[in-house]
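K.L.:
The structure is given below, and queries will be raised subsequently.
None of the figures in this text is laboratory data; all of them are computed from the coordinates on show. Bear in mind that the values here come from a model prediction, so they are computed numbers and not experimental data. Cβ coordinates were reconstructed from backbone atoms using ideal geometry, including for glycine residues, and neighbour counts include every protein chain displayed.
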Amino acid sequence: MKSIAPAASGASRFARRIRAALGALAALGCAALPALAAPNCKPSRARPPIVLKDMGPCRFDAQALSFSGDALTQARCLLRAMDATRNLSPVMAELPPALAGRIGGTADLPAREDLSAYLSRANLEWDFAANLWQPLSRARDNDPGAPQARYLVIHDTSGPNFGARAFPANIDGNARFNDLRNFRCGDNWEKAHVVVNRRGDMLLGHDFWQ
């Protein structure tokens with residue numbers, strides 16, 4: 001003999017419908033919301049010190065806070081591409097004239113006003129242009145007696161890390177790979193000053209002068 005469940009009362013049916021409707025609205029709302037920033041990126045404890053076996057092929061001097069050689073020699077060593085195995089290519093024999101004539105000096109550099117106007121045209125004025133008139137940061141936590149910043153480090157493919165695998169064919173157009181919200185931090189502890197995706201969009205994590 002089949003057992004038959006008692007019919008639900010009107011009140012309980014109404015409550016179930018309300019719960020179902022609220023669940024559907026919550027799911028719809030979550031689907032419509034953009035990806036949220038990571039709530040907390042600052043390490044919970046101090047990271048262990050990194051012990052270098054050497055100072056690299058360009059021979060960084062930790063006391064002078066500079067690589068070996070004059071400005072052009074340093075640039076030839078530092079501005080190297082990677083080969084197919086992601087190892088550094090040989091030191092460049094010479095730099096392109098546009099770089100060789102400018103590195104280590106201030107001649108022919110654009111005025112700050114021109115850079116500001118360019119950033120405004122590129123809709124980047126709000127994040128970047130206001131900081132053009134700020135002083136450069138200094139070493140040792142902005143110690144006034146320390147040298148000003150000398151190098152701009154550009155680290156390609158910060159994420160995702162494909163290791164030894166080839167880059168996907170659609171990496172430039174892939175929305176997930178190029179979503180800069182993946183690099184935001186809710187505690188303002190972003191890991192880089194600026195993150196640039198494959199499409200050229202930029203996320204300002206920290207001002208360059210800090």
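K.L.:
Sort largest first and round to whole Å: the equivalent ellipsoid semi-axes of the range 75-210, each the square root of five times a Cα gyration tensor eigenvalue. If you can, show how the numbers build up before the last one.
P.N.:
Working: eigenvalues 138, 109, 59 Å².
So the three semi-axes of the range 75-210 are 26, 23, 17 Å.
K.L.:
Give the long-range amide H neighbours of Gly205: residues separated by 5 or more places, or on another chain, with amide H under 5 Å away, using H modelled in the peptide plane at 1.01 Å from N.
P.N.:
Excluding prolines and chain starts, which carry no amide H, the hits are Val194, Val195.
K.L.:
Can you give me the distance in nm between label points at Ala122 and Ile103, each placed 7 Å from the Cα along the Cα-to-Cβ direction?
P.N.:
It works out to 2.1 nm between the two label points.
K.L.:
Please give the length that would be gained between Leu95 and Leu132 if that part of the chain were fully extended, namely 0.36 nm times their separation in residues minus their C-alpha to C-alpha distance (nm, one decimal). Don't skip to the answer; put the middle values down first.
P.N.:
Working: separation 37, 0.36 × 37 = 13.32 nm, distance 2.71 nm.
In short, 10.6 nm is gained.
K.L.:
A follow-up question, please. With 10 Å bins from zero, work out the P(r) of the range 152-210 over every alpha carbon pair and list the percent per bin.
P.N.:
In whole percents, the pair-distance histogram is 20, 51, 25, 4.
K.L.:
How much of the calculated P(r) for the range 55-109 lies past 19 Å, in percent of all Cα pairs?
P.N.:
36 percent
K.L.:
Among the trypsin sites (Lys or Arg not before Pro) in the range 83-174, which ones are in a DSSP loop with at most 13 other Cβ atoms within 10 Å of the Cβ? Mind listing them?
P.N.:
Of the trypsin sites (Lys or Arg not before Pro), the ones in loops of the range 83-174 whose Cβ has at most 13 other Cβ atoms within 10 Å are Arg86, Arg150, Arg165.
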